[in-house]
Structure formats: structure tokens, C-alpha cells
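The values are calculated or read from the model by the stated rules, or taken from the named source; none is laboratory data. Just so it is clear, the structure is predicted and the values come from calculations on it, not from any experiment. Cβ placement follows ideal geometry from the backbone for every residue including glycine, while neighbour counts extend to all protein chains displayed.
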Amino acid sequence: MITGADRAPILRRAVRVTVAVSAGFYPLLYAAGQPIAAVYALFAPIALGLLSAIPGSGRQRASVVLRALPVALVLVILGTFLAAHTWAAAAGMLVVGFVLAFAAVAGPRAAGAAPGLQLFYMLACFPPYAPGSLAERLSGLAVGTLVLALCEMLLPEPPADSYRDRLATALDTAARGASPGGPTPGELREAGSRLRLRDVPPAECPAGAGRRERALEQGGRTVRRLLDQLAALAAAPSPAVDPASATLLGRVAELCTASARFLRTGKDQPAAGELERAMRSFQAERVRLTSGPPGSAPPDDVLRHQSRVLALAESARMVEITTDIGVHGRPTEPPVPRRLFWYAELSNPRLWARRVTGNVTLRSVLFQNAVRTALGLTAARLVAGYLDLAHGFWVLLAVLTLGRTTAGETWQAVRRAVAGTAVGALVAGLLLVGLGTHTDVYAGLLAPAMLVGFALGPLLGLAYTQGLFTLIVATAFAQVSPVTWRLSEARMIDVVTGSVIGLLCGLLAWPAGAGREVHRAMARLLRSCGTLVPVTAQELLQPSSGASASPQTLPSVHLLRLAEAAYGQYRSESASAREPGGADWHAVLISANHIILGAHWLPRFGLRPLAAPTAPSIERARGTAADLEAEADRIALLLTGGRPVPGASLLPAAGGVPQAPLPVDLEVWMTGLAHQFRRIEGSITPPRP
């Protein structure tokens with residue numbers, strides 16, 4: 001049952017949909033005498049205002065509704081002409097069902113509108129085959145949609161803070177964290193957690209494929225990393241004297257403040273390249289101090305502290321670039337490293353093409369969901385057509401509304417829906433028998449029934465939703481044409497038929513939902529990222545950086561996106577669909593980011609040996625990097641149900657034999673990665689068979 005602050009949006013939505021339906025249905029039916037147009041005016045607000053979970057403020061939702069209208073008109077035209085033959089309507093359902101469900105790759109607004117658009121094709125593709133009624137259908141659809149858009153504006157949802165504002169607020173916190181006497185480590189981490197996409201209203205999530213959205217999404221991840229680094233720096237012991245680090249931290253604070261102001265106003269962009277020049281000066285000073293006479297180099301604790309400061313400065317430098325792209329839509333200067341900002345110089349059409357083609361794989365949960373939905377709706381259309389079920393449209397509606405991403409969740413939904421429909425059908429049958437053909441009574445009951453049903457149904461649960469909706473359609477259809485208690489019987493048969501079809505699809509098509517896919521996706525991500533560790537280590541063993549190139553990270557970045565999508569769906573599934581305990585997936589994603597970013601910034605800014613390193617140092621660096629790659633492979637095997645042999649110890653034992661020295665930045669990076677791998681392994685529960 002929904003409680004608290006979630007009630008108000010549900011009640012406002014119920015009022016909007018009820019008003020929109022009433023404003024279209026009653027005039028078209030009783031004043032214009034167009035029953036077909038009235039039916040479409042009834043279902044248009046229900047489809048786009050109730051069935052579709054369109055996120056955003058009133059203005060944003062109205063914009064999505066208006067942009068969906070041309071698509072809805074095309075779908076009604078297509079369904080009207082394909083209704084001539086069951087096989088043709090089913091083939092159209094297969095294509096329409098897949099395309100609309102797969103539209104989730106475009107972000108939460110497209111995903112939210114998709115179920116409602118599915119309904120328009122479903123409604124039109126059933127007999128009678130009546131192309132002559134097309135004008136009425138389209139006019140009713142247009143009236144209902146336009147009135148709903150108006151209601152969204154007149155009774156809107158309150159606007160939420162934009163993602164740019166959230167980024168700016170987090171950057172203000174980061175600026176204070178980089179200054180003396182700043183926030184506590186807990187406050188810094190809390191500020192970063194507010195940028196998690198799961199905690200951001202869907203309408204404000206930068207989920208699109210264009211340059212701005214990608215830059216803001218990357219900027220959010222980078223600001224979170226910066227805040228975590230500042231928290232770790234604040235929690236660690238600081239050397240007594242380190243003026244170079246204090247100076248660089250001051251530059252980081254200045255950049256964070258300027259970037260926050262730039263995000264809010266779009267003016268006074270931070271001077272490009274200033275922080276990078278400060279980082280290079282900082283690194284040059286480190287090199288000078290470590291290349292002096294023996295005994296003149298700073299203590300190891302100072303060098304490690306400087307390594308952490310340099311790493312967080314690189315995060316701030318990346319924030320500068322993502323802010324530039326997020327505000328302007330393209331970089332004002334070529335971003336460095338280009339591989340990490342590969343999207344910056346591509347056109348938006350090419351970026352959208354990459355987003356679509358990158359998800360056309362059986363490993364994508366978005367593709368899996370689209371296939372499952374399309375197959376279920378197609379099967380429902382074939383069954384309803386060849387069995388000649390009365391009001392077969394409800395069979396498809398049951399498949400669409402009751403299908404879940406796991407078989408267990410689908411079964412729970414089906415149980416509640418069938419029970420609620422049975423009670424609703426019984427009450428509706430008694431109502432139809434008792435009132436007979438008194439359409440004036442039905443007309444008086446419809447609006448209150450909608451208001452109560454659309455408000456109480458979501459508040460009380462799925463069984464109440466289905467039961468109340470059965471009463472609503474009975475009172476509506478009784479006004480359009482004479483009906484008997486058999487309308488309730490047809491509704492019950494159709495819902496049960498659709499429930500069985502949906503349940504079978506859930507059992508046959510990826511019944512575990514994202515549970516198995518998240519294991520596979522994270523395993524592939526770890527294997528791909530693990531290969532970057534030896535390459536990065538080898539690069540940092542070279543005495544001079546020269547013109548060397550960073551490792552190729554784009555395949556790992558792509559796998560990171562697929563893993564994040566699988567993790568997002570996995571978290572949205574009920575607790576019963578997930579294994580108890582379970583791996584720390586968030587730690588896996590953090591480790592992947594740690595490797596990918598380190599593979600870029602260490603070759604550019606990492607402290608290198610002054611001369612060719614000694615053989616023991618080379619052996620230790622290569623051995624540690626190989627052990628980390630092997631550990632990534634071993635954890636990946638554990639995630640996919642394998643039983644690998646125990647790996648080597650990645651962290652030196654306290655009081656052990658002194659080891660050969662490593663470049664300090666490489667040592668800090670690999671030690672942090674070893675700690676993350678140990679945390680991941682300690683959390684792993686093998687996937688269920």
C-alpha cells in the first residue's frame with residue numbers, strides 16, 4: 001500500500017484523467033452522437049495519463065503527451081487497416097510491440113509513454129474491420145489527448161530540481177571539501193549519494209544519447225568520484241607540511257565554485273586549461289623533489305598524499321570538461337583524453353545510432369524486455385483473434401499491464417489481478433442486471449467511479465486496481481451500446497487468458513529477469529577492465545612519458561554501460577527476485593571506473609622512475625598487475641558460478657619482508673584496486689542454478 005508523500009501525485013493524476021475523460025467522452029457521445037469517437041476519447045487519457053508513467057512537471061508531461069499524439073494517430077491508422085486479418089494484426093503487433101518497448105533506450109520519458117502508445121494500436125487492430133470509422137477514431141483520439149495535455153498544465157506536478165542544479169549544489173560542497181575546515185567525510189559522501197540516478201526524478205535524469213546528456217551523466221559520476229576522493233583524503237592522516245598539495249587543492253576549490261556558477265547561469269565559464277597547467281606544475285615540482293640528492297626526497301607519506309590530491313584534481317579537471325559540453329552541447333576545446341570523451345565530437349544522430357545498436361544484443365536487458373513484451377502481445381493477439389474472444393483487446397491489455405521482468409513477479413501480479421477482476425466482474429454483472437438500459441444512471445456513475453478507481457486502485461494495490469477498472473469499463477460501455485451481464489463474463493475470460501499468456505512468456509523468456517544478466521554483465525566488465533591493469537602498469541614503468549597513448553578503454557566503457565543498465569533493472573525488481581545477500585554490485589562498478597579512469601590519468605600525470613627501474617621493481621609491478629588481472633578474472637568466474645582456485649594475496653602482510661619500490665602513484669592506484677577487489681570477493685554469493 002502506498003503511503004505518505006506518494007499519495008498526492010496519485011490523487012492529482014486521478015483528477016486529471018477523470019476530468020480529461022469526462023471532457024471528451026460525454027460531449028462526443030451525447031452531444032455529437034459519435035460513440036466510436038467517444039470510446040477513443042475515453043481511452044486516450046487513460047492510456048497516456050494512467051497507463052503511461054510519464055515523468056516530470058506539468059509542462060514536461062504535457063510536452064510528452066503532445067509529441068506522442070502524431071505517433072498515436074499513426075498507430076491507430078495502422079491498426080485499423082491491419083485489423084482485416086488476424087495474422088496481419090499479429091505481425092503488426094510484433095513490430096509495434098518491440099519498437100515501442102525498445103524505445104526505453106531513449107530514456108525514461110520515452111519508456112513512460114510506450115505502454116500508452118501500445119494501447120492505441122491494440123485498440124484499433126481488433127474487429128470490426130471498419131476503415132470507414134477511421135475519421136471518428138482519429139478525432140476522438142485527438143480530443144482526448146489534447147484535453148489531457150491541457151489538464152496536465154492546469155493541475156500540474158510540481159517541478160523538481162534539474163540535474164544541472166543538483167550538479168552545481170554538489171560542486172559547491174566539493175569546493176568546501178577542498179578548502180580548509182570543510183565538510184566532514186560523511187557529509188561529502190552524502191552529497192555524492194544525492195547524484196545517484198536512482199535518487200533523481202526520472203524526468204531529470206540525463207538518460208539521453210546526445211552530447212549534453214552524456215556529458216551531464218559523466219559529470220555526475222565524476223563529481224561523485226571527486227566527493228568520495230575528498231572524503232577519503234579528509235579521513236586519512238595528512239602530512240604536517242605539504243604546501244604544494246594545499247595550493248593544488250585551492251585551485252580545485254576555485255574550479256568547483258566556478259563550474260557550479262557556470263552550470264546555474266550558463267555564463268562565466270571557467271578558464272579552460274588552468275587546472276591542468278596547475279597539475280603539470282604540481283607534478284613537475286614532485287619530479288624535481290624526488291630527483292634531488294639522496295635523502296632530499298619528500299617522505300613516502302607526503303608522496304602518497306600528493307598522489308591522492310593529484311587523482312582528485314584529475315577528477316575536477318574532468319568535471320571542467322563535462323560541464324563545458326553539458327552547457328554548450330559541444331566542447332569549446334578538444335577534450336583530453338579523447339578516448340574518455342569519445343562522444344564529444346560525434347553528431348547526435350550518430351550517438352543515437354550507437355545507443356540503439358549497442359543495445360541490440362541478447363545481453364541487453366532493454367532488448368530482453370522488448371522481446372518478451374513483443375512476443376507476449378503477439379501471442380495474445382493471435383489467441384484472441386483465432387478464438388474470436390469478445391472484447392479481445394482486454395487480453396492484450398492484461399499481458400501489457402501484468403507482465404513483469406521476472407516470472408515470480410508476474411505470478412504475483414497475475415494472482416492479484418485475477419482475484420480483483422473476479423470480484424469486479426461479479427459486482428459489475430450485478431450492476432448491469434440491476435440497472436438494465438438506464439444509460440442516464442451509468443452516465444452519472446462513470447465520473448465518480450473513475451475518480452475513485454483511479455485514486456484508490458494504485459493506493460490499495462493491483463487487485464483493487466483491476467476490480468475497480470472492471471467497474472469503470474462496464475459503466476462506460478453500457479452507455480455506448482446495450483450490454484448485459486455477459487460483458488463481465490467476457491472481461492473475466494479475457495483477463496484470465498491474458499494472464500496465462502503473460503505468465504507463459506515470463507516463464508519462457510528470461511524468467512530470472514536481470515538476476516542472471518547482472519552476473520554475466522559484471523563478469524564481462526571485470527574481465528575487460530582487468531586487461532587494462534598490466535598495460536597501465538607497464539606504461540608507468542617507462543622513465544619518460546613521451547608521446548605514449550593511453551590504453552584502449554572504449555570496449556570497457558561500453559560494457560560498463562550494459563552492466564549499469566542490468567544493475568538498474570536488477571535493483572528495480574522485488575527483493576524476492578534477488579538472491580539473499582548477493583554481490584556488492586556497486587563496488588564492482590566503482591572498481592571498473594577506478595580502472596578506466598586510472599588507465600587514462602596515470603600515463604599523463606603519474607610519477608615515473610627517473611631512470612630505468614631495477615629488475616626487482618619491474619618484477620613486482622608486473623607481478624602485482626598480473627595478479628590484479630587474474631583476480632578480476634577469478635571474481636568474474638565466481639560471479640558466473642565457477643569455482644576458481646584461491647588467488648594470490650594482493651596486499652602485503654603487515655611486518656612482512658620489505659618489497660621493491662614502485663612508482664608511488666602506481667602503488668597507490670593498485671593498492672586501492674586490491675582493497676576494492678577484496679571487498680567484492682567478500683560479498684559474493686554464487687548465482688542460483
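Data table
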{"read-out": "Matching option when the condition is more than 26 Å from the chain's Cα centre (by Cα), among the aliphatic types (A, V, I, L, M), surrounded by fewer than 21 Cβ atoms within 10 Å (Cβ to Cβ) and more than 16 Å from Leu28 (Cβ to Cβ), among Leu134, Leu154, Leu138", "value": "Leu154"}
{"read-out": "Filter pass, Pro270 being outside the structural domain of Glu187 (by TED's automatic domain parsing) and touching a residue at least 24 places away in the same chain (Cβ under 8 Å)", "value": "no"}
{"read-out": "Hits in the stretch 23-37 (condition: part of a helix (DSSP H, G or I) and farther than 17 Å from Met122 by Cα)", "value": "Ala23, Gly24, Phe25, Tyr26, Pro27, Leu28, Leu29, Tyr30, Ala31, Pro35"}
{"read-out": "Residue that is within 30 Å of Leu562 (Cα to Cα), hydrophobic (A, V, I, L, M, F, W, C) and not assigned by TED's automatic domain parsing to the domain that holds Ile54, where the choices are Ala236, Ala232, Ala244", "value": "Ala232"}
{"read-out": "Residue pairs meeting the criteria (Cβ under 8 Å; at least 6 apart or on separate chains; first assigned by TED's automatic domain parsing to the domain that holds Arg308 and in contact (Cβ under 8 Å) with a residue 40 or more places away in the chain, in the stretch 274-287; second part of a helix (DSSP H, G or I) and of a type in the set (Gly, Ala, Ser))", "value": "Leu275/Ala313; Leu275/Ala316; Met279/Ala313; Glu285/Ala244; Arg286/Ala244"}
{"read-out": "Where Val336 falls short, out of the listed (1) more than 19 Å from the chain's Cα centre (by Cα); (2) in a loop (DSSP other than H, G, I, E, B); (3) over 26 Å from Glu667 (Cβ atoms)", "value": "(3)"}
{"read-out": "Criterion (modelled with pLDDT of 85 or more, buried (at least 21 other Cβ atoms within 10 Å of the Cβ) and farther than 25 Å from Leu310 by Cα) met by exactly one of Leu525, Leu562, Leu532", "value": "Leu525"}
{"read-out": "Set Gly461, Gly502, Gly457, Gly467: member being without any contact (Cβ under 8 Å) to a residue 24 or more places away in the chain, of a type in the set (Gly, Ala, Ser) and closer than 25 Å to Arg404 by Cβ", "value": "Gly457"}
{"read-out": "Subset of the stretch 38-53 (residues that are surrounded by 24 or more Cβ atoms within 10 Å (Cβ to Cβ) and either assigned to a loop (DSSP other than H, G, I, E, B) or among the hydroxyl-bearing types (Ser, Thr, Tyr) (or both))", "value": "Tyr40"}
{"read-out": "Matching residues, the stretch 356-365, being crowded, with 19+ Cβ neighbours inside 10 Å and farther than 13 Å from Ala509 by Cα", "value": "Asn359, Ser364"}
{"read-out": "Some residue of the stretch 233-256 being modelled with pLDDT under 95, in contact with a Pro (Cβ under 7 Å, 6 or more places away or on another chain), closer than 24 Å to Leu303 by Cα and of a type in the set (Gly, Ala, Ser)", "value": "yes"}
{"read-out": "Residues that are buried (at least 16 other Cβ atoms within 10 Å of the Cβ) and either of a type in the set (Ser, Thr, Tyr) or not in a helix (DSSP H, G or I) (or both), drawn from the stretch 440-476", "value": "Tyr442, Tyr464, Thr465, Thr470, Thr475"}
{"read-out": "Scope the stretch 387-426; condition surrounded by fewer than 16 Cβ atoms within 10 Å (Cβ to Cβ) and in contact with a helix residue (DSSP H, G or I) (Cβ under 6 Å, 6 or more places away or on another chain); matching residues", "value": "Ala390, Ala419"}
{"read-out": "Members of the stretch 316-343 found to be touching an Asp or Glu at 6+ places or on another chain (Cβ under 9 Å) and either without any contact (Cβ under 8 Å) to a residue 40 or more places away in the chain or of a type outside the set (Asp, Glu) (or both), listed by number", "value": "Arg317, Ile321, Thr322, Gly326, Arg330, Pro331, Thr332, Pro334, Pro335, Val336, Arg338"}
{"read-out": "Those residues of the stretch 209-235 which are among the hydrophobic types (A, V, I, L, M, F, W, C), touching a residue at least 60 places away in the same chain (Cβ under 8 Å) and within 20 Å of Pro180 (Cβ to Cβ), in sequence order", "value": "Leu226, Leu230, Ala232, Leu233"}
{"read-out": "Residue check, Gly186 in a loop (DSSP other than H, G, I, E, B) and in the same structural domain as Leu226 (by TED's automatic domain parsing)", "value": "no"}
{"read-out": "Criterion: at pLDDT 85 or above and not hydroxyl-bearing (Ser, Thr, Tyr) - qualifying residue of Ala587, Ala599, Ala654, Ala611", "value": "Ala599"}
{"read-out": "Residue match in the stretch 274-294 (condition: within 17 Å of Ala215 (Cβ to Cβ), among the acidic types (Asp, Glu) and in a helix (DSSP H, G or I))", "value": "no"}
{"read-out": "Filtered residues of the stretch 476-496 (kept if among the β-branched types (Val, Ile, Thr) and more than 14 Å from Gly436 (Cβ to Cβ))", "value": "Val480, Ile493, Val495, Val496"}
{"read-out": "Flag if Phe367 is in contact (Cβ under 8 Å) with a residue 60 or more places away in the chain, among the hydrophobic types (A, V, I, L, M, F, W, C) and touching a Ser or Thr at 6+ places or on another chain (Cβ under 9 Å)", "value": "yes"}
{"read-out": "The stretch 670-683 residues that are more than 17 Å from Trp585 (Cβ to Cβ), paired with ones that are among the acidic types (Asp, Glu) (beta carbon under 8 Å, 6 or more apart)", "value": "Ala674/Glu631"}
{"read-out": "Met279 being touching a Ser or Thr at 6+ places or on another chain (Cβ under 6 Å) and surrounded by 13 or more Cβ atoms within 10 Å (Cβ to Cβ)", "value": "no"}
{"read-out": "Check on Val495, outside the structural domain of His586 (by TED's automatic domain parsing), within 23 Å of Thr378 (Cβ to Cβ) and in contact (Cβ under 8 Å) with a residue 40 or more places away in the chain", "value": "yes"}
